[in-house]
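Trainee: Before I ask anything, let me first share the structure, which is written out below as structure tokens.
The values are calculated or read from the model by the stated rules, or taken from the named source; none is laboratory data. Source: prediction; values computed, not measured. With ideal geometry, Cβ positions are generated from the backbone for all residues, glycine too; neighbour counts draw on all protein chains shown.
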Amino acid sequence: MLHLIIFGPPGSGKGTQSCRIVEKYKLIHISTGDLFRKEMARGTDLGKEIAKYIDQGMLVPDEIVMKELQQAVDEYCCDSGFIFDGFPRTIVQAEMLDNMLESMGKPVDMVLSVDVSEEELTKRLMGRSEDSGRSDDNADIIKKRIEVYKAQSLPLISFYTSQGKLVKVNGMAPVDTVFEKISVAVDTYIEKKEVPSVIN
Ligand code: B4P
């Protein structure tokens, strides 16, 4: 069983790379962003509540995130492992995830931290806005999401570095090249049970 996290700023390619990781390593993909978009599309009261945050480029409150996440994990709890995409995004979420996985007897194995420059993030998300239909893909909200990432999510780099679980991946290259680097990191972990600190 393998538990991976893919971490990075909005538009760094977490969702894009997760699809490939899932295919190659047969993991269950849990994207909190996807869970929230499904809830919003269903038009439930919870979906409307979630939209208030996402539409302003803010993080959804930790209590809502954890409830959605626990439900998704419970659905698959006996499978081969998870890739958590876009989760955790705060230290509180990371601590809650540690507790949850501890009770399952299988902690986080490795955190893939995808590095992309701010200029490139904006370019990608503006490109995606043309056909994504996502309410949070527009210039002002993208700027806000990057600010929120810096203030609330960046501290997770130190959190996971101090646990010896973080590997930095250069996310500026084409999608296939980024995936090759991620594969090297995951294969190294599977073979040697060692987290490489950087994959260039
Ligand atoms: P997410 O759904 O996680 O979305 P994201 O961060 O915008 O995108 P991602 O990094 O996955 O980018 P993608 O692969 O699509 O979050 C959305 C919102 O939900 C958050 O802002 C927040 O409000 C809320 N939320 C989610 N999780 C939460 C949590 N845990 N706590 C609180 N709130 C939470 O790539 C982007 C674009 O780049 C695509 O067009 C793609 O084709 C392109 N691209 C990807 N890789 C590329 C590459 N290597 N080169 C060129 N282009 C590339």
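Trainee: Within the range 9-29, can you find the residues that are buried (at least 21 other Cβ atoms within 10 Å of the Cβ), within 11 Å of the ligand (Cβ to nearest atom) and at negative phi?
Mentor: Listed by number, the residues that qualify are Pro9, Pro10, Ser12, Lys14, Gln17, Ser18.
Trainee: Consider the range 146-176. How many of its residues are at positive phi and either in a strand (DSSP E or B) or near the ligand (Cβ under 9 Å from one of its atoms) (or both)? Show your work before the answer.
Mentor: Quick first cut of the range 146-176, residues at positive phi only: 164.
Now restrict to residues that are either in a strand (DSSP E or B) or near the ligand (Cβ under 9 Å from one of its atoms) (or both): none.
The qualifying residues number 0.
Trainee: Give me a count of the residues in the range 41-63 that are buried (at least 18 other Cβ atoms within 10 Å of the Cβ) and more than 15 Å from the chain's Cα centre (by Cα). Talk me through it step by step, then tell me what you get.
Mentor: Let us first name the residues in the range 41-63 that are buried (at least 18 other Cβ atoms within 10 Å of the Cβ), namely 50-51, 54, 57, 59-60.
Subsequent filtering for residues that are more than 15 Å from the chain's Cα centre (by Cα) retains 50-51, 54, 57.
Adding up the residues that qualify gives 4.
Trainee: Here are some residues: Ser153, Ser183. Which one is surrounded by 12 or more Cβ atoms within 10 Å (Cβ to Cβ) and more than 28 Å from Asp62 (Cα to Cα)?
Mentor: On the way: Ser153 fails: more than 28 Å from Asp62 (Cα to Cα).
Going through Ser153, Ser183 in turn, the sole match is Ser183.
Trainee: Of the numbered conditions (1) free of Cβ contacts under 8 Å to residues at least 40 places away in the same chain; (2) crowded, with 16+ Cβ neighbours inside 10 Å, Pro88 satisfies every one except a single condition; which is it?
Mentor: The failed condition is (1).
Trainee: Follow-up question, since we're still on this one. Please specify each residue of the range 129-150 satisfying the condition of being surrounded by 14 or more Cβ atoms within 10 Å (Cβ to Cβ), modelled with pLDDT under 95 and not polar (S, T, N, Q).
Mentor: Arg134, Asp136, Asp137
Trainee: Further, regarding this structure: What are the pairs with Cβ atoms under 6 angstrom where one residue, in the range 1-30, is part of a helix (DSSP H, G or I) and the other, located anywhere, is small (Gly, Ala, Ser) and near the ligand (Cβ under 8 Å from one of its atoms)? Sequence gap at least six, or different chains.
Mentor: Lys14/Gly8; Lys14/Gly86
Trainee: Can you find a residue that is touching a Ser or Thr at 6+ places or on another chain (Cβ under 6 Å), modelled with pLDDT of 95 or more and charged (D, E, K, R) anywhere in the range 100-120?
Mentor: no
Trainee: Name, by its number, the condition in (1) farther than 22 Å from Val178 by Cα; (2) touching a residue at least 60 places away in the same chain (Cβ under 8 Å); (3) among the hydrophobic types (A, V, I, L, M, F, W, C) that does not hold for Ile146.
Mentor: Status for Ile146: all satisfied but (1).
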